[in-house]
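**Q** This is the structure, below, for whatever I ask next.
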Amino acid sequence: MWELILNECNLTSETLQLAQMRAELVSIGEKERILRERSADREAYRYLLDAHRSIARPSLMGEQGLNISPQDGGKDGQLAA
């Protein structure tokens with residue numbers, strides 16, 4: 001009789017432990033999923049930022065080269081502010 005009661009207690013304890021372990025695994029899986037999504041988001045952001053920079057540099061350099069005009073110096077040869 002005592003063995004039956006002890007076995008039931010052990011099963012209950014083991015069941016609780018298994019439930020806790022499952023909950024922890026679910027939590028870990030969710031955290032891993034979130035980290036993967038964030039990593040993918042960061043990678044996409046880096047890709048878009050690099051693409052934007054590579055497109056923006058030549059166009060800015062070209063515009064700066066066209067829009068820069070020589071400045072006239074003042075009386076003392078200094079540039080006007």
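The values are calculated or read from the model by the stated rules, or taken from the named source; none is laboratory data. Please read all numbers here as calculations on a predicted model, not as lab measurements. So basically every Cβ, Gly included, is an ideal-geometry build from the backbone, and we count neighbours across all protein chains shown.
**Q** Right, LYS31: among the basic types (Lys, Arg) and either touching a Pro at 6+ places or on another chain (Cβ under 7 Å) or modelled with pLDDT under 80 (or both) or not?
**A** Numbers: among the basic types (Lys, Arg): yes; either touching a Pro at 6+ places or on another chain (Cβ under 7 Å) or modelled with pLDDT under 80 (or both): no.
Answer is no for this residue.
**Q** Scan the range 34-81 residue by residue and report those that are in a helix (DSSP H, G or I), hydrophobic (A, V, I, L, M, F, W, C) and at pLDDT below 90.
**A** Those that are in a helix (DSSP H, G or I), hydrophobic (A, V, I, L, M, F, W, C) and at pLDDT below 90: ILE55, ALA56, LEU60, MET61, LEU66.
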